[in-house]
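**Student:** Structure in structure tokens, see below.
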Amino acid sequence: MTGRLPDLYEAIRLGLEALENSAGNCLGDHENKLWLLGNLTLWFEDKYLREGSEADLEQAIKLRREAEETWSMLQSENWASRLCDINGGYYNMHLGTTREWAPLQTSSHGVIQVTLQDSRDYSTRLHNLGAACFTRFKRTGLVEDLSAALSLCRTSVDDTPREHLMRPDRLLSLGECYDALYSEMEPGGGNGSVPTQDENPLHKAIELFQDVIDTAAPNKPTYVSALHRLGVLYDDRFQLTGDLADLKMSLHLCQESVDITPKTHPDRGARLRNLGLARKKCYQIFHKTDDLEVALQLLREAADIPSQHAAPRADLLKELGAVCHAKYDVTRKAADLDAALGFYQDAYETFPDSGPFVTEILGYLGRVYLDKYKMTEIEWDFERAARALQKALDGTPQDLPNRMRRLVDLARCYLAGHVKTGTAAYLETAIQYSREATTRAMPAEHPGHLVALRSLGDCYAAIYKATGRDSDLEAAITSYNEALNSSSPGATPGDFLAVARDLLLALIQGKKWEQAWLVANSAISLIRSYTPRFLENLESQTLLSRISGLASDAAAVALSFGRQPLDAIQFLEEGRGISAQLLNELRTDVSLFARYEPELAKTFLGLRDQLEAPQVASHIPRLPLSRDGEENRTSLRGITRHITASSGIDKFISEFHLSNQRLSLFRSVPDEADLDHAGREGPIVMINVSYRCDAFLIRRGDDLIRALPLPRLSREDIEEKAVQGNLGSPQVLEWLWDTVTGPILDALGFTKPPRSDGDDDWSRVRWIPTGALSRFPLHAAGRHDKGSSEAVIDRVMSSYSPSIGAIIRGLQFRRKEPTVTKALLVAMEYTPGSARLPFATKELAMLRRLFQDSMSVQLIELTQQRTQEVLSSLQDCDIFHFAGHGYTDPNNPLQSHLRLEDWKANPLRVADLLAINLSERPPFLAYLSACGTGKIDDGKLLDQNIHLISACQLAGFRNVIGTLWEVNDGICVDVARIMYQGLRDEGITDRSVCRALHRASRELRDRWLRGVGGAPASSGGKVMDDNGLSIAVSEKLVITVNGRETAESDADRGDGEGEGEGASNSGVRLPRTVFSCDEDDEMGLAHWVPYVHFGA
């Protein structure tokens, strides 16, 4: 470009120096040499033409000849045969070396010469050679080539600095080698034995591909190649280990793989299938219906892609049938069963040859027909089910492990026929198939081992129910026990817990207490690993709903076996409230050990920050969406970080327990010292409901723990009364007194009212009910006749707690005296789409006067009463008082909420309260003056105690006042007035909250008694409220307003659109709920009953 001689001289100098140092003997060396010789020839010719020196011409001729010799050597057959797979191409920069070359033995095909380790491009040469050997392996399938590729690529990666630009490429090559090694080691996957050097090739491939994802640019082919393969490998590992972290990673990676695959790409069908199957597996575990719908759409799209082969399409049709069958389990619609039958039939016709696939399809068809028979009770469906299952059995060879599963399917089919028709022959046939299945041993390492044994146990349990023979129960126990000890690949903690639950129930039936005790121990110890921290709250909730009551059964077994009451209490503490336990561990007060273990505290806080950091774009959309590369990478990194932090926290807590055994921090199971500490504020009563009912009385002193049998209480009676409703009726309150609270208070020595009404004379009992009993108002139990003292409210004050652990945590908050300087007041008289609550504003006005005139509390009142504003204000308040509508979600307690101005788009949910952490400066009181803030409708979630009250506790509030069910709008004002007046008069203490609510309840109870007069509610007694309104108690609770009587059930309390201002008369006391209150139809409803206090 410049034409200057100094530039030409410098080019020649550098070229000769490079030529002198290019002395290697592999392909890249000779290609570099050829390039240098050719250029030096041209440069010396140019110098000769410019200066006329014959020496330059001779040098040019000499270099030209060397170049021709090098070219001829590169074209020779010898080099072609030795180096045909080495396609590294020209080196961009190669300085070479003048040192001797060291040989590296990599295969039996010869010795490949490589440079010494101090050569600048040592790792590059190794990588290129390794890639060449891997290319040869893909063509030849020879194990020696794969071993050579592994050795070379591993050494290349080890020699490459982490920040090197080419490291992702080298990681990918090594990952592909381990991926191939994993495939070779799978059954039928290879043609030779491959040494693994004590490394698991699947784990190693995942580790390397994950490293590529973490370090490569998202727009690079290296990243894309790793992405497409990594999701499949995570899924393979999930099927081997049952680790939910692998399922999560597989789902996200398969989603990203589909997102970046063009619609015309030949691999799109396979990637759609991978994602569809990942979605189906997620549904099978977490039961989110969105997963089913998306899986169905993805598999349909994959099936619609034209294929030259029948097998892939038949497999997709089979999976579509499985998804539709799973969908039927949710919808119970015949159309979904018919769709499943259609897909299975199409799969059968697409791949009609006899063989394992057709046998499998027949088994699926039989199961669908059996479900159809259970729904329709048409004999023809039963016959088709039995015929298809029999064909599946006939097509399964005698020596195959799956034959056991076929026999179990047939036994279940004939059991269903017996249940529907009572035909004795069907029962005998079911017994015959079950006995034959018992003789068909399935290898413990078979993927279907656990499922088959559990199904066999189910068959024998059903047979025992029909026959009552002990031998059938023994057979069920044997099958369940073998399943529990199975090493079946892919079995999750949930699978083992399900079997343990079945086995425990069978052992309870057989009264085999020692074995039941051992099973209970094993099951309870599994629960914590069942719901890892990285799961979403809804996912954890779904899993935990499947083991509802397990902890209570285990506690009952402990007593039946003769264990100490402490053992039973520890089962209840370890096996209930798991979500709260995990959250409380994260919110442990680090200052309690930071002074003497600062590094430990720093480690814990770092892990906690990672775990609680939002996962950017981590939500899997319902349908495949395109996202740019950087968003993909951010999402995957967020998921990986979350999972890593989850395991890190678990490891930290485990090690902390080992090294700090004297501290109760992070301990989910209390010991005697913890119970003694928890009982310092008064007795704790934990009531266990199972096949037997017992109360555990915890009280400081020599007799710290006592188990009190409750023989008149039964689980069946509790559930029956819960279904009937009217839990605040006089009849239910008397039943509670006779069966539960009366015997307990007598045992505690509370046989009569305190001597005076002074605070020091009143003892407080903390109630911890379990199961369906947690819906009942234990604090209000009794005979509320005039002159009677047989009532809890007349003998003790009451507080509630979800667990002993919650009490201990609450006492930690009490290391600092409470202060109240700010109160956040929210009143929703008008709520979009909900009935008007005229007394909500009056309640707020009353509080405003009380706080400002008597308590010197600064008020926080929002101009916009919206969810985000309220959540933000909670960070800076001491009291949060909400007067408005509450909503209890019947299916998902996490969605239960308080309704603010923007509730339709953004309700203040339980999940939102759980997400905030106020524990570093715990607020004093949350007062939820709304309906059902302590209510859980789904009985399977009662063990977890997740509702609006507990959410406020977990967020950090020291005390929470809420309600067990619907409450009356006007009565809410009375309760709040008396309660806050009590705080004003007695001072801001935790005890005064309980005391003030107790006083309010007694005052309103007494007012109720004066109105009813101890006579039947139909007598028409009247109660005068503070506003001069006459409330008549009749068969329908009647409210008299300005001389006009209105049945409360007819008052405006709807939740329809358009209700709001002017929707009701200002004097009518409405329920603070968004649906009608059936309890209000009960004669003489006691409006004072549902108010409860939660706190330490």
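**Student:** For Glu207 and Gln398, what is the calculated FRET efficiency with R₀ set at 35 Å and r taken between the beta-carbons, to the nearest 0.05? Present the calculation step by step, with values, prior to reporting the outcome.
**Tutor:** On the way: r = 42 Å, r/R0 = 1.20.
Here the calculated transfer efficiency is 0.25.
**Student:** When every alpha-carbon pair in the range 432-587 is counted, what percent end up more than 21 Å apart?
**Tutor:** Working: 5984 of 12090 pairs.
Summing the P(r) tail past 21 Å for the range 432-587 gives 49 percent.
**Student:** With unit charges on the beta carbon (Lys/Arg positive, Asp/Glu negative), name the residue among Tyr369, Met404, Leu415 whose Cα is farthest towards the positive pole of the charge dipole of the range 362-420.
**Tutor:** Met404
**Student:** The range 734-748 to the range 639-703: how many Å between their Cα centroids?
**Tutor:** 27
**Student:** Which peptide among 6-17, 527-538 comes first, and what is the full order, when sorted by highest mean count of other Cβ atoms within 10 Å?
**Tutor:** 527-538, 6-17
**Student:** What spacing in nm lies between the two simple spin-label points modelled at Arg332 and Ser545, each 7 Å away from Cα in the Cβ direction?
**Tutor:** 1.4
**Student:** Same structure again: Please compute the length gained on full extension between Ser659 and Lys940, using 0.36 nm multiplied by the number of residues separating them and subtracting their Cα-Cα distance.
**Tutor:** The Ser659-Lys940 span can extend by a further 97.5 nm.
**Student:** If you take the beta carbon distance between Met375 and Thr439 as r and set R0 to 35 Å, what does 1/(1 + (r/R0)^6) give as a FRET efficiency, to the nearest 0.05?
**Tutor:** Computed FRET efficiency for Met375 and Thr439 comes out at 0.60.
**Student:** At 10 °C and 1.306 mPa s, grab the translational diffusion coefficient of the range 419-486 from Stokes-Einstein with a Kirkwood Rh over Cα pairs, rounded to a whole number in µm² per second. Walk me through the numbers on the way to the answer.
**Tutor:** Details: Rh = 12.3 Å.
Taking Rh from Cα pairs, D becomes 129 µm²/s.
**Student:** At a temperature of 10 °C and a viscosity of 1.306 mPa s, determine how fast the range 396-523 diffuses translationally according to Stokes-Einstein, using the Kirkwood radius over alpha-carbon pairs as Rh; express D in µm²/s, rounded to the nearest whole number.
**Tutor:** D, rounded to a whole number, is 108 µm²/s.
**Student:** Can I ask one more? Using a basic spin-label model with each label point 7 Å from the Cα along Cα→Cβ, how many nm lie between Glu672 and Ala466?
**Tutor:** 5.2
**Student:** Further question on the same structure: With the cut-off at 17 Å, report for the range 507-612 the share of all Cα pairs above it, as a whole percent.
**Tutor:** Numbers: 3407 of 5565 pairs.
Summing the P(r) tail past 17 Å for the range 507-612 gives 61 percent.
**Student:** Which stretch or stretches of the range 562-583 have amide N atoms under 20 Å from the point lying 7 Å from Glu920's Cα along the Cα→Cβ direction?
**Tutor:** From the range 562-583, the list is 583.
**Student:** Can you tell me the dipole magnitude for the range 820-867 around its Cα centre, using point charges on the Cβ only (Lys, Arg +1; Asp, Glu -1), in Debye to the nearest 20?
**Tutor:** Working: 6 positive and 4 negative charges, 10 e Å.
Its charge dipole is roughly 40 debye.
**Student:** While we're looking at this one, here's another question. Extent of the range 349-425 along each principal axis, from alpha carbon coordinates, in Å, largest to smallest?
**Tutor:** Extents along the principal axes, in whole Å: 36, 28, 14.
**Student:** Counting only protein heavy atoms and a 1.4 Å probe, tell me what percentage of the range 315-421's accessible area is made up of carbon and sulfur.
**Tutor:** Using a 1.4 Å probe with all protein chains present, the range 315-421 comes out at 51 percent carbon and sulfur.
**Student:** Here's something else I'd like to know. Given points 7 Å out from each Cα along the Cα-Cβ axis, report the Asp717 to Leu165 separation in nanometres with one decimal.
**Tutor:** In this crude label model, Asp717 to Leu165 measures out at 8.1 nm.
**Student:** For the peptides 740-748, 323-331, 372-380, what is the packing order when you average, over each peptide's residues, the other Cβ atoms within 10 Å and list the highest mean first?
**Tutor:** On the way: 740-748: 21.0, 323-331: 18.7, 372-380: 14.6.
Result, highest mean first: 740-748, 323-331, 372-380.
**Student:** Show me the ranking of peptides 799-806, 557-564 by mean Cβ neighbours inside 10 Å, starting with the highest.
**Tutor:** Packing proxy ranking, top to bottom: 799-806, 557-564.
**Student:** log₁₀ I(q)/I(0) of the range 26-69 at q = 0.22 Å⁻¹, via Debye over equal Cα point scatterers, no solvent, to two decimals?
**Tutor:** Ignoring solvent entirely, the Cα scatterers give -0.65.
**Student:** Right, something else. For Ser591 and Asn485, calculate 0.36 nm times their separation in residues minus their Cα-Cα distance, and state this gained length in nm to one decimal.
**Tutor:** Taking 0.36 nm per residue and subtracting the Cα distance, the gain is 33.9 nm.
**Student:** Rg (Å, one decimal) plus Dmax (Å, integer) for the alpha carbons of the range 690-780?
**Tutor:** Cα only, the range 690-780: 14.2, 42 Å (Rg, Dmax).
**Student:** Can you list the aspartates and glutamates whose alpha carbon sits under 13 Å from that of Lys47, skipping same-chain ones fewer than 8 residues off?
**Tutor:** The qualifying aspartates and glutamates are Asp7, Glu10, Asp56, Glu58.
**Student:** List, in order, the whole-Hz ³J(HN,Hα) value for each residue of the range 911-916 obtained from phi through the Karplus relation with A = 6.51, B = -1.76, C = 1.60 and θ = phi - 60°; use x for Gly and Pro.
**Tutor:** After applying 6.51 cos²θ - 1.76 cosθ + 1.60, I find 4, 5, 5, 5, 7, 9 Hz.
**Student:** Another one. What do the square roots of 5 times the Cα gyration tensor eigenvalues come to for the range 331-389, in whole Å, largest first, as semi-axes of the equivalent ellipsoid? Write out the running numbers ahead of the final one.
**Tutor:** Details: eigenvalues 87, 34, 11 Å².
Square roots of five times the eigenvalues give 21, 13, 7 Å.
**Student:** Further question on the same structure: In Å, what Kirkwood hydrodynamic radius results for the range 720-763 from the alpha-carbon pair distances?
**Tutor:** 12.3
**Student:** Same structure again: In whole Hz, with x marking every Gly and Pro, tabulate ³J(HN,Hα) for the range 550-556 from phi via Karplus 6.51 cos²θ - 1.76 cosθ + 1.60, θ = phi - 60°.
**Tutor:** For the range 550-556, the Karplus curve yields 4, 5, 5, 5, 5, 5, 5 Hz.
**Student:** Could I ask something else about it? Quick one: length gained pulling Glu817 to Arg680 fully straight, 0.36 nm per residue minus the C-alpha distance?
**Tutor:** Result: 47.6 nm gained on full extension.
The values are calculated or read from the model by the stated rules, or taken from the named source; none is laboratory data. Computed from a predicted model, the values in this text were never measured in an experiment. Heads up, the Cβs are rebuilt from the backbone with ideal geometry, glycines too, and the neighbour counts pull from every protein chain shown. With ligands, DNA and RNA removed, areas are computed over all heavy atoms of the protein, side chains included. Shrake-Rupley method; radii C 1.70, N 1.55, O 1.52, S 1.80 Å.
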